[in-house]
Amino acid sequence: MAAPIIHALRSLRRFSRPHSRCLSGLCDPLVSGTRRGLFKDVFPAETARVQLPELLSSGPQTVYCGFDPTADSLHVGNLLAVLGLLHFHRAGHHVIAVVGGATAQIGDPSGRQQERAALSPERVAENVRGIRESLQRIFSHHEALGGGGQPGGRVTVLDNAAWYRHRSAVEFLGSVGRHFRMSTMLSRHSVQSRLAAPEGMSLAEFTYQVFQAYDFYYLHQKHGCKIQLGGTDQLGNLMSGHEFIQRTAGEDVFGILLPLITSSSGDKLGKSAGNAVWLNRDRTSPFEFYQYFVRQRDSDVERFLKLFTFLPLPEIRHIMDQHAKEPEKRIPQKRLAAEVTKLVHGKEGLESAKRCTQALYHSSIEALATMSDQELQELFQEAPFAELLLEPGTRVLDACLKVSAIPEGPRG
Ligand SMILES: Nc1ncnc2c1ncn2[C@@H]1O[C@H](COP(=O)(O)OP(=O)(O)OP(=O)(O)O)[C@@H](O)[C@H]1O
Ligand SMILES: N[C@@H](Cc1ccc(O)cc1)C(=O)O
């Protein structure tokens, strides 16, 4: 059942040229996001083609994206969705990032082979704090870097636990659940693939789409939100929201889908997939984060510059032309790493990453001497360490022997 609907999704390519219905700068994110490869599809394809440019041109809209606190930090894959929101904000729209304090307790089955382990309320609360911190830090760096957007656009972070806290299961099923059709819910790809697996699917996971649909409805009612962003794995949840809002409020709303970032082995980078590059410093240091982007392959770097930075496309083209002449300098990789590290860790984070790079890869004693304790710990995170009280006159050799850094042997 899901296949015909997926086939109905039309490529966004038609938005990549100046669009006759894009009548103001407010429509820019659709055009530029499409050209950059950031927006992959829209839903529902037929109405979005005509109505989405008109809606965006008509005045500032509210656009939202949700993040489940299944860990205490966001990661590089999630960053793409944050960048999607920021593109809208820069054009003057209001954006809402929803942290799923409630939905994380249900567990989104999209793209998962197995059910997630249940999270305790304490763990979820801690994760909500970490993810809020990730989001707010990026938003404030973005502002500090001069990307504050047109005047008027607001950036808000909400926790969806706030609108479920006072509802009982009986009341929710009786009022919201009655609008959902079993046949449609069963047709979702996320459900079909799990029903076919030996472990099957729990009722909690099966109802996940109802909660995400209700979030969209709630934000539509309270904040006039008509656009939801999500990775392509979120299509089914976006469709449920669209159908629910159309049925209950009689209005068209839209989904915009972003491509999924994968590891070199082709797996989606995810919080619980064990392959994440994190956005919080205590999990991935600015240095490691910077180096992740410096290491990107030539075949990926142009795409990543378009996806992960706000650099204008002609500037990216120029950088790639320089790269063709002097590939050994890795100019695009270094620029990519600098831009993304600045956004996520701020200017100070970028300087820290560069100091660590100098110390580790260019054996710079000067860089080592200016490093803070935190940087030293981050740099040598994996290395065993020992604390030592130095007495006057201790020689380097004695210190090394005391901490067993070099084996003791016959001394000459
Ligand atoms: N690798 C990725 N590339 C692009 N977008 C992603 C990626 N991973 C997650 N997203 C998007 O980020 C948003 C929030 O995802 P969420 O944090 O709930 O999932 P996740 O990081 O995949 O976590 P989990 O691994 O627990 O499923 C969603 O729109 C999702 O599609
Ligand atoms: N289901 C999304 C997260 C999300 C949570 C709540 C929402 O309202 C929207 C999105 C994911 O797991 O990737």
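All of the numbers you see were taken from the coordinates with simple rules; none came from a lab. Values in this document were obtained by computation on a predicted structure and should not be read as measured data. Methodologically, a virtual Cβ is constructed for each residue, glycine included, from the backbone with ideal geometry; neighbour enumeration extends over all protein chains shown.
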Sites excluded, GluC sites (Glu not before Pro) in DSSP loops with at most 13 other C-beta within 10 Å, longest stretch of the chain
1-198
Honestly segment 102-165 on the Cα gyration tensor test (a ≥ b ≥ c root eigenvalues; a/c under 1.5 rounded, otherwise a/b vs b/c for prolate or oblate) is just prolate
For segment 273-317 the trypsin sites (Lys or Arg not before Pro) that pass both the DSSP coil test and the at-most-14 other-Cβ-within-10 Å test are Arg295, Arg297
Label-point gap, in nm, between Asp267 and Leu360 - each point 7 angstrom along Cα→Cβ
2.2
Pop out the Kirkwood hydrodynamic radius of the chain from its pairwise C-alpha distances, inverse of mean 1/r, in Å to one decimal.
23.4
Considering only the chain, what is the antiparallel percent among its DSSP beta bridges, to the nearest 5?
25
State the answer as a single residue: which of Phe172, Ser32, Gly84 lies farthest towards the positive end of the charge dipole of the chain, with beta carbon charges of +1 for Lys and Arg and -1 for Asp and Glu, about the Cα centre.
Ser32
Against the rule of thumb 2.2 N^0.38 Å, how large the Cα Rg of segment 93-218 comes out:
1.25
Using a basic spin-label model with each label point 7 Å from the Cα along Cα→Cβ, how many nm lie between Glu143 and Ser24?
2.3
Roughly speaking, what is the stretch gain from Ser183 to Glu387, that is 0.36 nm per residue apart minus the C-alpha to C-alpha distance, in nm to one decimal?
67.1 nm
If a cysteine in the chain has no other Cys Cβ under 4.7 Å from its own Cβ, put it on the list, ordered by number.
Cys65, Cys225, Cys356, Cys400
Under the 7 Å Cα-to-Cβ spin-label approximation, Ser372 and Glu46 lie apart by a distance in nanometres of 5.7
So if each residue of separation counts as 0.36 nm, and I subtract the Cα-Cα distance between Glu122 and Ser202, what length gain in nm does that give?
26.6 nm
Could you line up Lys354, Lys226, Lys347, Lys268 from fewest to most neighbouring Cβ atoms inside 10 Å?
Lys347, Lys268, Lys354, Lys226
Gyration tensor on Cα atoms of segment 249-382, a ≥ b ≥ c root eigenvalues, a/c under 1.5 rounded, else prolate if a/b beats b/c, else oblate, says oblate
Percent relative contact order for the chain, counting Cα pairs under 8 Å at least six residues apart, stands at 17
Assuming 0.36 nm per residue, please report the length gained on full extension of the stretch Ala324 to Tyr292 beyond their Cα-Cα distance.
9.4 nm
How big is the convex hull of the Cα atoms of segment 336-397, per residue, in Å³?
119
So if R0 is 25 Å, what FRET efficiency would Ser168 and Gln246 give, r being the distance between their Cβ atoms, rounded to the nearest 0.05?
0.45
Low-density loop cleavage sites - trypsin sites (Lys or Arg not before Pro) in segment 81-170, where at most 11 other Cβ are within 10 Å (DSSP):
Arg165
